[in-house]
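To start, the structure under review is shown below, and the notes come after it.
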Amino acid sequence: MAFLALHHVQLAMPPGGEDQARAFYGDVLGLHEVPKPENLARRGGCWFEQGDLRIHLGVEEDFRAARKAHPALLVDELAGLTARIDAAGFKVISDEPLQGFERLYVYDPFGNRIELMRAVG
């Protein structure tokens, strides 16, 4: 048996947060919303994709943000994305360097931590 790839990351969000998720993941990060399968759509939430990247936002009634656990998204152009995040009113947070990467954090509208990384060197 071999693991082949990571299919998707699921993050939690509170009930009724779909519009906020679309504004952040769609408008700010630039990911494309894809329809959830009909049998799962009734649960609420949103799914976003770009190429092989898939982020699913699922409704959790007793929601608590993931403030430490997080996905790390590899990007090709961090400066422009940082400017978009700032313009949308989200705080960009720098962290300690990691060899070979420029990186920062942002918290989605629900408080989930998202790491953004650009390979350097």
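Just so it is clear, none of the values below were taken in a lab; they were calculated from the coordinates. Computed from a predicted structure; not experimentally measured. Don't worry about glycine lacking a Cβ; one is built from the backbone with ideal geometry, like all the others, and counts go over all protein chains shown.
Return the residue satisfying two criteria in turn: it lies in segment 48-60 and is touching a residue at least 24 places away in the same chain (Cβ under 8 Å) and assigned to a loop (DSSP other than H, G, I, E, B), and of such residues it is nearest to residue 116 (Cα to Cα).
52
Could you grab me the full set of residues in segment 92-121 that are farther than 18 Å from residue 11 by Cβ, part of a loop (DSSP other than H, G, I, E, B) and either in contact with a Ser or Thr (Cβ under 7 Å, 6 or more places away or on another chain) or not aliphatic (A, V, I, L, M) (or both)?
Answer for segment 92-121, where residues must be farther than 18 Å from residue 11 by Cβ, part of a loop (DSSP other than H, G, I, E, B) and either in contact with a Ser or Thr (Cβ under 7 Å, 6 or more places away or on another chain) or not aliphatic (A, V, I, L, M) (or both): 95, 96, 97, 99, 100, 121.
Which one is surrounded by the fewest Cβ atoms within 10 Å (Cβ to Cβ), of the residues in segment 1-47 that are polar (S, T, N, Q) and assigned to a helix (DSSP H, G or I)? Don't jump to the end; show me each part of the working.
Residues of segment 1-47 polar (S, T, N, Q): 10, 20, 39.
Pick out the ones that are also assigned to a helix (DSSP H, G or I) and you get 20, 39.
Numbers: 20: 16, 39: 7.
Ranking the candidates gives 39 first.
Looking at segment 9-46, which of its residues are touching a residue at least 24 places away in the same chain (Cβ under 8 Å) and basic (Lys, Arg)?
Matches in segment 9-46: 22 only.
Just wondering, is there one or more residues in segment 78-98 that are in contact with a Lys or Arg (Cβ under 9 Å, 6 or more places away or on another chain), farther than 16 Å from residue 118 by Cα and small (Gly, Ala, Ser)?
For segment 78-98, residues in contact with a Lys or Arg (Cβ under 9 Å, 6 or more places away or on another chain), farther than 16 Å from residue 118 by Cα and small (Gly, Ala, Ser): absent.
For segment 54-64, what are the residues that are among the hydrophobic types (A, V, I, L, M, F, W, C) and either farther than 21 Å from residue 105 by Cα or surrounded by fewer than 17 Cβ atoms within 10 Å (Cβ to Cβ) (or both)? First the steps, then the outcome.
Initially, segment 54-64 is screened for residues among the hydrophobic types (A, V, I, L, M, F, W, C), giving 55, 57, 59, 63.
Scanning segment 54-64 gives 59, 63.
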